[in-house]
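Comments concern the structure below.
Each value in this text was obtained by applying a stated rule to the coordinates, not by laboratory testing. Because the structure is a prediction, the values reported are computed rather than measured. Glycine also receives a Cβ, built like all others from the backbone with ideal geometry; neighbour counts cover every protein chain displayed.
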C-alpha cells in the first residue's frame, strides 16, 4: 500500500510539474517550436514591436499593457514584420469598459489614408458596460469588427482573468476563436464579404480586407487592456 501511495504521489507531482511548465507565460514548448510557432512578445521587451505614438504601452509582470491616454488620441502598437497566412494566438485580460482589439492584415498605404494602419479586427470589448449606440452586435467581443457579429453563445472570462484568443488566416478563409470556441468564420473572397464591407465604416477604402499580407496591431483606445502569450506560426 505504501508503494502504491508513493507511486501515486510521484505521478501527481510529475503532472503538476508538467502543468506549471506548460503554463509558463511568454514561452514556447519544444513541441511548439517544432511546429513552427514564434513569440511576438517575450514578456520583457518591445522587441519586434513598434509603438506608433512612441508611447501608450508598458510591460508589467510579463504583460503588454495599455497605459492611460491623456490627450484622447489612439496609441496603438504594431509588429515590425508583416505576415501572410498564419495562425495567431494570444491571451487578453479586460477590465470594466475595456474597448480594444487586435487588427491583422493591416496596411498603411490605403489611398487618401496613407500612414493610417487599417485592417481586419478581432474586437475586444466589455459587452456588459461598453455599449456602442450603433451596430452594437457587429462590434461585440470576438466579432469581426463592424462586419460580422460573434456567436452569441461565446463565453468570456471575468474581469482580470485571461481569455484565450485565436485568429486563423488561411487564404481567403478566416476564423476567430475565443476560449476554445470558434465564434466567427468567413470567406473574404466573393460578393458576400464585399457587400458587408459596403455596408460598414470601411466602404470608402479601396480593396479593404483583401490584403494578402500585413502587420498585426494591438489597440490602445484609452481603456485598460493587457496581452500576453502572443504567438504566431505560418500556415
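General observations
- Dividing the summed helix terms, -39500 (n - 2.57) for each DSSP H run of n ≥ 4, by the number of residues in the chain produces a 222 nm estimate of -4500 deg cm²/dmol to the nearest 500.
- Over the chain, relative contact order from alpha-carbon pairs under 8 Å, at least 6 apart, %: 30
- Between the range 24-89 and the range 157-174, the C-alpha centres lie 15 angstrom from each other.
- For the chain: rounded, prolate or oblate by the Cα gyration tensor [a/c cutoff 1.5]: prolate
- Between residue 137 and residue 198, the simple label model (points 7 Å from Cα in the Cβ direction) yields a spacing of 2.2 nm.
- Estimated distance in nm for a label pair at residue 32 and residue 113, the labels positioned 7 Å out from Cα along Cα-to-Cβ: 3.2
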